[in-house]
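Read through the structure below, which is laid out as structure tokens, and then see the notes.
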Amino acid sequence: MDESGTATKPGRGGAWPEPAWNFWQALFLLLLIYLFQFACGWMGRQPYPGERAGAAEFMIRGFGGALVTFVLLSIFLRLKGRQPSALGLGRLRPRYVLCGGGAGIVLFFLTGFLGALMALVFGEPAVQNFALAVEGSDAWWQVGALLLLGGVVVPLQEELLFRGLLYPPLRKLYGPGGGLTRCALFFALIHFDAPRFFPILAGGFILGLLFERYRSLWPAVIAHGVWNGLMVALVLVRREF
């Protein structure tokens with residue numbers, strides 16, 4: 001990417017563009033976003049959302065946190081004189097959809113397998129907030145809103161923060177391997193979910209590989225969305241039986 005903020009051509013080959021921010025600036029913005037959400041009471045485990053009010057509270061947390069992320073990222077990019085393409089949001093190409101969809105299916109089965117192994121060793125973990133919200137939904141609009149949140153909004157939010165914002169300066173400091181590993185560690189740690197640490201770590205590493213391979217955030221966003229969407233489908237199937 002040049003000084004005007006024009007994105008370099010995505011795909012294989014060529015040197016990575018110089019990031020317009022350093023690691024400490026990226027980390028500061030990441031912590032600021034999560035501290036803001038914590039101050040608003042949007043982080044931490046919530047009671048079982050078995051009623052409409054509970055599901056609505058979860059959606060307020062999710063959409064509110066995403067809004068904070070998008071606003072602060074927009075301000076950050078403006079201060080840096082950059083466009084959203086600086087975070088990897090260039091042109092959406094058909095091969096990104098195909099690759100991201102396939103990778104999302106792989107992620108779903110891989111993390112499910114790793115999660116089952118962890119459960120054998122450490123015991124069955126507590127149900128995640130997102131799964132609780134899906135289980136507690138009692139109307140089609142709630143399921144649709146949760147699917148939009150988990151399959152589109154949250155994947156875009158998290159990929160912008162971890163792969164788009166945090167990975168480029170980590171890659172500059174430690175190279176592709178070290179950058180991918182450290183970015184995946186941050187991704188796993190920020191979920192505050194110790195029983196699922198290794199599945200999330202593996203998922204974060206694969207999502208980083210997609211960004212490294214294609215130089216575009218779209219394959220990772222789509223893979224993340226398919227991964228989460230399949231999790232929603234699994235929870236709904238389990239609820240029916």
Out of all the residues in region 155-182, which are in contact (Cβ under 8 Å) with a residue 60 or more places away in the chain and either of a type in the set (Lys, Arg) or farther than 22 Å from Met231 by Cβ (or both)?
Arg163, Gly164, Leu165, Leu166, Pro168, Pro169, Leu170, Arg171, Lys172, Leu173
Just to be sure, is Leu161 surrounded by fewer than 24 Cβ atoms within 10 Å (Cβ to Cβ) and under 21 Å from Gly62 (Cα atoms)?
yes
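So which of Val121, Val106, Val153 is over 20 Å from Ala223 (Cα atoms) and either exposed (fewer than 15 other Cβ atoms within 10 Å of the Cβ) or within 20 Å of the chain's Cα centre (by Cα) (or both)?
Details: Val106 fails: over 20 Å from Ala223 (Cα atoms); Val153 fails: over 20 Å from Ala223 (Cα atoms).
Unique residue meeting the criteria: Val121.
Restricting attention to region 215-231, does a residue exist that is hydroxyl-bearing (Ser, Thr, Tyr), in a helix (DSSP H, G or I) and touching a residue at least 24 places away in the same chain (Cβ under 8 Å)? It would help to see each step written out before you state the result.
Start the filter on region 215-231 by keeping residues that are hydroxyl-bearing (Ser, Thr, Tyr), which leaves 216.
Among the residues that remain, those that are also in a helix (DSSP H, G or I) are: none.
No, because not a single residue in region 215-231 is hydroxyl-bearing (Ser, Thr, Tyr), in a helix (DSSP H, G or I) and touching a residue at least 24 places away in the same chain (Cβ under 8 Å).
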Which of the following residues is more than 24 Å from Leu35 (Cα to Cα) and surrounded by 22 or more Cβ atoms within 10 Å (Cβ to Cβ): Leu210, Leu166, Leu173?
Leu210
Top-ranked residue of region 54-90 - restricted to ones that are closer than 25 Å to Leu30 by Cα, more than 18 Å from the chain's Cα centre (by Cα) and of a type outside the set (A, V, I, L, M, F, W, C), ranked as modelled with the lowest pLDDT
Glu57
I need a count of the residues in region 8-52 that are crowded, with 17+ Cβ neighbours inside 10 Å and modelled with pLDDT of 90 or more.
8
Which numbered condition Gly5 fails, given (1) of a type in the set (Gly, Ala, Ser); (2) at pLDDT 85 or above; (3) at positive phi:
(2)
Which ones in region 198-214 are without any contact (Cβ under 8 Å) to a residue 40 or more places away in the chain and under 19 Å from Leu30 (Cα atoms)?
Leu201, Phe205
In the set Leu156, Leu149, Leu234, which member is of a type in the set (A, V, I, L, M) and modelled with pLDDT of 95 or more?
Leu156
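The values are calculated or read from the model by the stated rules, or taken from the named source; none is laboratory data. Keep in mind it's a predicted model, so treat the numbers as computed, not measured. Every residue, glycine among them, receives a Cβ derived from its backbone with ideal geometry; neighbour counts consider all protein chains shown.
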